[in-house]
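Here's the structure we're looking at; comments come further down.
The values are calculated or read from the model by the stated rules, or taken from the named source; none is laboratory data. Just so it is clear, the structure is predicted and the values come from calculations on it, not from any experiment. Neighbour counts are summed over all protein chains in view; Cβ atoms, including those assigned to glycine, are modelled from backbone coordinates with ideal geometry.
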Amino acid sequence: MTDPDELIRTVIVDDHELLRTGTRRILEEAQGFAVVGEAADAEDARQVVADTTPDLVITDIRLPTLNGIDLAARLADDHPQLVLVILSAYDDEHYVRAAMAAGVSGYLLKTMPSHDLVTALREAYQGGRSLVGTPQGTGEKDPAAGPQVAGEQLTAREAEVVRLVARGMSNKTIAHQLGISSRTVEGHLNHVFDKLGVLSRTELVHVALANSLFVRDVSRSPTLDDTGEER
């Protein structure tokens, strides 16, 4: 019998119960893993990780409220020794770069054979570097991912907010510098995320740098809506 202390204690995060169950079954049938928890969203995932202290977290990208890349970044901050792996349907370079910047050890695709998944997870846990920056398996392109017409889609105020995000400023700091509310900053960022097809601040910075959005001139003043809030 395998020593429980030698098993890779694993938490699975996916908003689809069927996929969580399938991944659990694959790991339970393989040697060397113990699934100690599951979660359907980021908030539950952080609590499950805190309660179970796993060695490995496998998370999807598309989650309710908070995406898997931002979840990985927060878990990496909270639990520096935790091994984080993205298991996604989407083979997209923007997601991969953002995931690696968030501190994940591997970006795997849900279409990969189960034995390859197990092997890749073991390698990630053991610190293997061959997973870094390269999606393992084959997947689809996310139609919502990637900037279509990067800078031209943004208003002057949105471009200004992007530049300040690229400098590492928090929403509160940006709001103070621009003389607007944190809620307005959040609204601008939500619009930018939708326009550029990004999922996180980390990915936004990558897109901003790639498209020189952080050096664009602001030539127009922001306008106000009927409530007096900036648009």
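Okay, here's what the table says:
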| read-out | value |
| --- | --- |
| Residue identified as at pLDDT 95 or above, of a type outside the set (A, V, I, L, M) and outside the structural domain of residue 199 (by TED's automatic domain parsing) among 55, 60 | 55 |
| Residues (in contact with a Leu (Cβ under 9 Å, 6 or more places away or on another chain) and among the charged types (D, E, K, R)) located in the stretch 153-168 | 157, 158, 160, 163 |
| Verdict on residue 98 being at pLDDT below 85, of a type outside the set (Ser, Thr, Tyr) and assigned to a helix (DSSP H, G or I) | yes |
| All positions within the stretch 81-90 that are in a loop (DSSP other than H, G, I, E, B) and either small (Gly, Ala, Ser) or farther than 16 Å from residue 105 by Cα (or both) | 89 |
| Checklist (1) over 13 Å from the mean Cα position of the chain (by Cα); (2) modelled with pLDDT of 90 or more applied to residue 72, failing item | (1) |
| Test: residue 140 is among the acidic types (Asp, Glu), in contact with a strand residue (DSSP E or B) (Cβ under 9 Å, 6 or more places away or on another chain) and modelled with pLDDT of 90 or more | no |
| Hits in the stretch 161-194 - residues which are assigned to a helix (DSSP H, G or I) and within 13 Å of residue 205 (Cα to Cα) | 161, 162, 163, 164, 165, 166, 189, 192, 193 |
| Residue that is farthest from residue 12 (Cα to Cα), among those in the stretch 22-79 that are in a loop (DSSP other than H, G, I, E, B) and hydroxyl-bearing (Ser, Thr, Tyr) | 65 |
| Hits in the stretch 173-212 (condition: at pLDDT below 75 and either polar (S, T, N, Q) or under 12 Å from residue 157 (Cα atoms) (or both)) | 202, 211, 212 |
| Flag if residue 127 is modelled with pLDDT of 80 or more and in a loop (DSSP other than H, G, I, E, B) | yes |
